[in-house]
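For reference, the structure discussed in these notes is given below.
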Amino acid sequence: MSGQAVEPAIQVRGLRKSFKAVEVLKGVDFDVARGSIFALLGSNGAGKTTIVKILSTLLKADDGTARVDGSDVRSQPVQVRESISLTGQFAAVDEMLTGRENLIMIAQLRHVGGPGPVADDLLGRFGLAEAGGRRVSTYSGGMRRRLDIAMSLIGDPRIIFLDEPTNGLDPEGRIEVWQVVQRLADSGTTVLLTTQYLDEAEKLADRIAILHDGTIIVSGTLEELRKLVPPAKVEYVERQPTLEEIFLAIVAKDRKDER
């Protein structure tokens, strides 16, 4: 029906998770629009990876609900897994195989028809065609990460989780991955990106949520977040605050409000 609201790709309500006496998630809520890049921003230990594991059915929440591509992560895990792909913090590639062999292996494991042409297509899309016949042990960090993301796309998942995808990469490698992520969103893939790098969220995300002390303390577009922090005056010229300044100001205010 025309005018009908499109269901978000990801819906999270009241998500809670504790590990023994430590409450990591204290009631997390957010939506991710289809075909968008959503950045979950937070410091180390904030609970970003815990959220990704719950949404990808690798971990069960203690309370709350989460729907991914219209399926409930608790009661419909098989349907969720059919819709998603997950790339962790470290590239899950076999260094003894060539780039092409890694892709073919994953295509075969996922029972995708024509694994050879699928591998060649992905090598081309990710700028790895010339390196496809080389062992991955000879790849740079950025090339390995691009290959890892390419492997995660086999089977055409509608939603991809990237958990700190540029962790440990040099600046050149980070830019390579940023370009890949942007192309994914441009092609209609929904991307949930976790990061502790403020410039990464600022560069890529359509919407940003700041996770602090187990909850989302603020969420919105970069422009909406900028409105929460007054602009700085530099030599009588108004300068918009960077995401780093926004993050530090909001987290500091949240800590002050807790006292």
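The values are calculated or read from the model by the stated rules, or taken from the named source; none is laboratory data. What you see is a predicted model; the values in this text were computed from it and never measured. In this analysis, Cβ positions are derived from the backbone assuming ideal geometry, glycine residues included, and neighbour counts consider all displayed protein chains.
Structural remarks
- Within segment 167-180, the set of residues being modelled with pLDDT under 85 and of a type outside the set (A, V, I, L, M, F, W, C) comprises Asn167, Gly168, Asp170, Pro171, Glu172, Gly173, Arg174, Glu176.
- Leu228 being out of contact with any Lys or Arg (no Cβ under 6 Å at 6 or more places or on another chain) and under 24 Å from Leu97 (Cβ atoms): no
- Single condition Ile106 does not satisfy, out of (1) surrounded by fewer than 18 Cβ atoms within 10 Å (Cβ to Cβ); (2) touching a residue at least 24 places away in the same chain (Cβ under 8 Å); (3) farther than 19 Å from Gln179 by Cα: (1)
- Of the helices (runs of 4 or more DSSP H) lying entirely inside segment 49-159, those carrying at least 2 residues that are within 15 Å of the chain's Cα centre (by Cα) are 141-152.
- Residue satisfying all of: in segment 161-196; aliphatic (A, V, I, L, M) and in contact with a Ser or Thr (Cβ under 8 Å, 6 or more places away or on another chain); surrounded by the fewest Cβ atoms within 10 Å (Cβ to Cβ) among these: Ala185
- Taking the numbered list (1) within 11 Å of the chain's Cα centre (by Cα); (2) of a type in the set (A, V, I, L, M, F, W, C); (3) part of a helix (DSSP H, G or I) in turn, Leu193 passes all entries but (3).
- Residue in segment 161-174 that is under 16 Å from the mean Cα position of the chain (by Cα) and in a helix (DSSP H, G or I) present: yes
- Test: residue in segment 28-40 that is over 16 Å from the mean Cα position of the chain (by Cα) and farther than 25 Å from Asp206 by Cβ: no
- So Glu223, is it at negative phi and either at pLDDT below 75 or not in a helix (DSSP H, G or I) (or both): no
- Under the condition of being touching a residue at least 60 places away in the same chain (Cβ under 8 Å) and in a loop (DSSP other than H, G, I, E, B), the residues counted in segment 2-33 number 3.
- Condition met for Arg183 (under 28 Å from Arg34 (Cα atoms) and at pLDDT 85 or above): yes
- Evaluation of Gly14 against (1) surrounded by 18 or more Cβ atoms within 10 Å (Cβ to Cβ); (2) under 17 Å from Ala209 (Cβ atoms) (one fails), failing number: (1)
- Screening segment 226-246 for residues that are closer than 24 Å to Ile10 by Cβ and touching a helix residue (DSSP H, G or I) at 6+ places or on another chain (Cβ under 6 Å) and picking the one that is modelled with the lowest pLDDT gives Leu243.
- If you go through segment 37-80 and keep only what is hydroxyl-bearing (Ser, Thr, Tyr) and surrounded by fewer than 17 Cβ atoms within 10 Å (Cβ to Cβ), you end up with Ser43, Thr65, Ser75.
- Meets criteria (farther than 11 Å from Ala150 by Cβ and touching a helix residue (DSSP H, G or I) at 6+ places or on another chain (Cβ under 7 Å)) for Gly99: no
- Enumeration of residues in segment 107-151 that are closer than 25 Å to Val191 by Cα, in contact with a helix residue (DSSP H, G or I) (Cβ under 8 Å, 6 or more places away or on another chain) and of a type in the set (Lys, Arg): Arg125, Arg144, Arg145, Arg146
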